[in-house]
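Here's a structure for you.
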Amino acid sequence: MTMTETIKKDSTLIECLNYLDDSIELYKDRVSKLEKLNKPNRKQEAWKYFPLKKLNNLPKNKGKKVTTTIQTGDQLDFINGFLTQSIDIDGVEINLSDTFNNRLNVVHEENPFTSLNTLTNNETVFINVTKKVLTPLKIRFHNDETDTIYTDPKLIITCKENSSIDILVTHEGNDTDSLENSSFKFNVEENAELNYLSIKTATRSIQESIEINCAANTYVNASYIVPSTTVSRHDAEVNLNGSNSKCYLNGLGILKSEESFTFKTRVHHRVEECESYQHFKNILSGKSMAEYNGLVEVYKDAQLTDSYQLNRNLILSDTAKAFSRPQLRIFADDVKCSHGSTTGQIEESEILYLMSRGLTRTQAHAILVFGFADEVLESSKCKFAHDEVRILLKESLKSLS
Amino acid sequence: MIEIKDLHVKIEEEDVEIIKGLSLTINKGETHAIMGPNGSGKSTLSKVLAGDEQYEITSGDILVNGESILELDATERALMGIFLAFQYPVEIPGVNNASFLRMAYNAKQQHEDKEEIDPIDFEEYLDSKLELVGMSKDFKERPVNFGFSGGEKKRNEILQMAVLNPIFNILDETDSGLDIDALKGVADAVNKLRANENCFLLITHYQRLLDYIVPDIVHVMVDGKIIETGDKSLALELDKKGYDFILEKQD
Ligand SMILES: Nc1ncnc2c1ncn2[C@@H]1O[C@H](COP(=O)(O)OP(=O)(O)O)[C@@H](O)[C@H]1O
Ligand SMILES: [Mg+2]
C-alpha cells in the first residue's frame, strides 16, 4: 500500500497531499501529521455557520514559484504565494527561510487550516522593522491566474523595540476557485507601533490565520476591509503580554450574492492595564453571510483591563444572514469590559433627517450605507490609503443595489 | 405664506389621534411661537410639516403660498424651503458634516436650476455661517452630530438652517440642552436670519427662549389643539401661572 493510500481517510484533509512537493523525507514527516488534521465540521463551534462546502473542494495543486530571482521594487509582491519582489526601505529587513516550519508545533486546536499552512509552506517570509519607518510598506498577494491553485503564504513580521510602521496588504485577483491559506504572525516588541490595513478584493477564497503578540507599551491597529469577496475567513489571536498596550481590531465586510465573511477573534489580556477594542461591521445583501465570533479573555492578573467588542450588521435583503457572538471571559475583578451587537436596517428616522435637508430617499440611503462602512475605514490608522479604499467601497456599494 | 387648516393626524396604522384639529396661519416676515406641555403634539406637528411619513393626515390641509403640500415628500418640501431644526437631531456616524452640508446645498442649487457651488467657495460660505452660529471650524470635519453634546447638536441644526436659507423655519425645542450663553448665541444667529422673505415657527416648552427671539404671536397647544393665541405677553403669563391657568380659562 502506498503512503497515500495508508492515510486516505475521509475525515482528513487528504487533498492537501498534492501540495507537498518536497523531498521524500520531509514529505513522510508531514504526512504523518496530516493524518491528525480533521476537516472542520459543523459540530465545532468555530465552524458552525461557515459555508463548509466552499472549502470542501480544495484546489488540486499548490501554486508554483514563477521565478527564482527576486526583484526589488516599490512593494512586496507575492505571486502564487511566493515572494517575487522585495523592497529597499531603510529600517525594513526582508528574509526568507525554508526551514522554519520544522520548529513549529503543527496541530492547531481550532483551525486545521492554520496547521495546514504550517505543513505545506516551504518558504516563510520574515519582515523585521528595526526603527521608525515613515514610508508605508505595501504588500500585494496575487496569483498567476491560469490555474486554480492553493497558496500558503506565511509571514512573520517583527516590529522591534521602539519601531513603528504602516503596512498595507492587498489581496487581489480574479481567481474564484483558488484558495489562499495564509498565515500572518506579528511580534510587536516594547514601545513599538504597528498600523496594519488589509484589503481584500480577490475573488479567491481566503482563509487567514492571524497571531498578534504585544509586548509592553505597544500600539497595534489592525483593520481588515473586504469590499468584495467570495469566501473570507479570518481567525485572529491576540496576546497582550506586556502592560500598557493597546490593540485595535477593525473589520468591514460588504457582501452580496452568496459571499461570506467570518471573523473570529480571541483576545487574551494576560497582564494588567491593557486596552483592546474591536469594531466589526458588515453590510449584507443577497444571500450573503457574515459571522463575528469574538472572545475577550481577561486573566487573573490583568487588572485595569479596558476592552470592548462592537459588531454591527446592516442587512439589506431578506435572505442575508448575520451571526454575532461577542463573548467575555473575565477572571480579574477590576476591569472595564463591554460588548454590543446590533443587526438591522437603515433607520427611517435617519432617512427622514437627510431628506429634510433636500436629499432624495435614494441619496439618503446611499449616504447612510456609505457612512456605516466609512466609519470602519476611519478607525484605521493607515490614512495614506484611505482615499483609494474609499473608491473601492463606493464601487462595491454601488453593485449592491 | 403657511396655512394649516383643521389638521388631524394619527400614527400610520394605529388608531391614536395626536393632532386633533389644528389651524394656524403664518405670514411672511412673522415669527410665531407654540408653547405647550410635554406630549401635546408639538414635535408631531413639526415632523408632519417636514413630511415624516410615519404620520397619517386623516383630514385638513397644509398650504404653502396657497398650494397644498400634502402630496410632497420630505425632499420636495425641503427643496421648496421648509426646514425643521429637530428636537432630537439624528447622529450620522461616517458622514462628514461639511460634505453633507455641501450635498444639501447643491441639491437645492440643482433644484433651482443653478450651478453646483465650487468647493472652495462653499468652504468660505460655510466658515461665515459657522461664525454666525458660534461654532468652531473643527465641526466641519466631524461626522454629522456624532458624539456632539446636546447643545452642539442644536447649534448644528441652526448651522444647517443658516447654510440652506429656508423660507419656513421650524425650530423644535432648540433651547433645550443649551446653557444661557449658548442660548443667547443661537438666538442671536436666528435673529440675524429673520427677514421679510421668511417666517419662523418656534416650538418651546419654556418661555426663556422667547426673551431672546421675540415672537409676533404666541399659541398655546394642549392635547393636539391650539387652545389660546395671543401676543408675547401670553408667554409671560403662561410662565407665571402655568398651563392649568389656561385650561381653567377654557372651562
Ligand atoms: N411615532 C409615534 N409612535 C407612538 N406615539 C407617538 C409617536 N409620535 C408621537 N407619539 C405620541 O404623541 C404624543 C405627542 O408627542 P410629541 O409630538 O412628541 O409631543 P411634544 O413634542 O409636544 O412633547 C405623545 O403622547 C407621544 O407619545
Ligand atoms: Mg417635542
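Could you give the nm distance between label points at A:Thr360 and B:Phe146, where each point is 7 Å from its Cα heading toward the beta carbon?
Taking the simple label geometry, A:Thr360 and B:Phe146 are separated by 2.5 nm.
Please report, in debye to the nearest 20, how large the charge dipole of the protein assembly as shown is about its Cα centre when each Lys and Arg carries +1 at its beta carbon and each Asp and Glu carries -1 there.
In total the dipole reaches around 1980 debye.
What is the Cα centroid distance between segment A:204-224 and segment A:185-201, reported in whole angstrom?
The distance from the Cα centre of segment A:204-224 to that of segment A:185-201 comes to 6 Å.
In segment B:1-38, which GluC sites (Glu not before Pro) fall in coil by DSSP and have 12 or fewer other Cβ atoms within 10 Å?
Of the GluC sites (Glu not before Pro), the ones in loops of segment B:1-38 whose Cβ has at most 12 other Cβ atoms within 10 Å are B:Glu12, B:Glu13, B:Glu14.
For every helix of n ≥ 4 consecutive DSSP H residues, a contribution of -39,500 (n - 2.57) applies; sum these over chain A, divide by its total residues, and give [θ] at 222 nm rounded to the nearest 500 deg cm²/dmol.
Rounded to the nearest 500, the figure is -5000 deg cm²/dmol.
On to the next question. For the protein assembly as shown, give the percent of accessible area contributed by carbon and sulfur heavy atoms, probe 1.4 Å, rounded to a whole number.
About 46 percent, which is the carbon plus sulfur part of the accessible surface.
Moving on to the next point. What area, in nm² and to one decimal, does the C-alpha convex hull of segment B:19-129 cast on average over all directions?
Result: 9.3 nm².
Can I ask one more? Based on the Kirkwood radius over alpha-carbon pairs, what value in µm²/s does the Stokes-Einstein equation return for the translational diffusion coefficient of segment A:59-208 at 37 °C and 0.692 mPa s?
It diffuses with D of about 208 µm²/s by this estimate.
How much space per residue, in cubic angstrom, does the convex hull of the C-alpha atoms of segment A:248-394 take up?
Each residue corresponds to 124 Å³ of Cα convex hull volume.
Further question: First measure r as the distance between the Cβ atoms of A:Asp306 and B:Leu236, then evaluate 1/(1 + (r/R0)^6) with R0 = 56 Å and state the FRET efficiency to the nearest 0.05.
0.65
Here's something else I'd like to know. Before we go on, tell me the buried accessible area for the B/A pair, both chains summed, 1.4 Å probe, in Å² to the nearest 100.
Answer for the B-A pair: about 1900 Å² buried.
Right, here's the next one. Evaluate the distance, in nm, between pseudo-label points positioned 7 Å from the Cα of B:Gln54 and of A:Lys43 along their respective Cα→Cβ axes.
4.8 nm
So what is the accessible area of chain B per residue, in Å², with the probe set to 1.4 Å?
45 Å²
Let me ask another. Calculate, for chain A, the solvent-accessible area per residue in square angstrom, rolling a 1.4 angstrom probe over the heavy atoms of the protein chains.
41 Å²
Given R₀ = 51 Å, FRET efficiency for A:Thr130-B:Lys192 by Cβ-Cβ distance, to 0.05?
Rounded to the nearest 0.05, the efficiency is 0.30.
Give me the distance in nm between label points sitting 7 Å out from Cα along the Cα-to-Cβ direction at A:Gln327 and B:Lys20, one decimal.
5.5 nm
When Lys and Arg each count +1 and Asp and Glu each count -1, what net charge do the other residues less than 10 Å away from B:Leu210, Cβ to Cβ, add up to?
Result for the neighbourhood of B:Leu210: -1.
B:Glu112 to A:Ile391: FRET efficiency via 1/(1 + (r/R0)^6), r the Cβ-Cβ distance, R0 41 Å, to the nearest 0.05?
Efficiency computed from Cβ-Cβ geometry: 0.85.
For chain B, count the residues as N, evaluate 2.2 N^0.38 Å, and divide the Cα radius of gyration by that value, please.
Cα-based Rg divided by the globular estimate yields 1.01.
How many Cβ atoms of partner chains, on average, are near each residue of B:104-112 if near means within 10 Å of its Cβ?
2
Evaluate Rg over Rh across segment A:130-227, taking Cα atoms for both radii and Kirkwood's formula for Rh.
Here the Rg-to-Rh quotient is 1.03.
Please name whichever of B:Leu171, B:Thr229, B:Val186 sits farthest to the positive end of the charge dipole of segment B:168-249, dipole taken about the Cα centre and charges placed at Cβ: Lys and Arg +1, Asp and Glu -1.
So the residue we want is B:Thr229.
Determine the calculated [θ] at 222 nm for chain B from helices alone, applying -39500 (n - 2.57) to every DSSP H run no shorter than 4 residues and normalising by the residue count; nearest 500 deg cm²/dmol.
Roughly -12000 deg cm²/dmol at 222 nm, from the helical runs in chain B.
Mind listing, in residue-number order, the residues in segment A:345-379 that have at least 50 Å² less accessible area with every protein chain present than in their own chain alone (1.4 Å probe)?
A:Leu352, A:Tyr353, A:Met355, A:Ser356, A:Arg357, A:Gly358, A:Leu359, A:Ile367, A:Glu375
Quick check on the protein assembly as shown: of the DSSP beta bridges with both residues there, what percent are antiparallel, nearest 5%?
Among the beta bridges of the protein assembly as shown, antiparallel pairing accounts for roughly 20 percent.
Over all distinct alpha-carbon pairs, what is the Kirkwood Rh of the protein assembly as shown in angstrom?
About 28.2 Å, per the Kirkwood formula over Cα pairs.
Work out how much length B:Glu131 to B:Glu67 would gain on full extension: take 0.36 nm times their residue separation and subtract the Cα-Cα distance, in nm to one decimal.
Length gained between B:Glu131 and B:Glu67: 19.5 nm.
The values are calculated or read from the model by the stated rules, or taken from the named source; none is laboratory data. The shown structure was predicted, so the numbers you read here are calculated from the model rather than taken from an experiment. No Cβ is skipped: glycine too gets one built from the backbone with ideal geometry, and neighbour counts run over all protein chains shown. Side chains included, ligands, DNA and RNA excluded: accessible areas come from the protein's heavy atoms. Shrake-Rupley method; radii C 1.70, N 1.55, O 1.52, S 1.80 Å.
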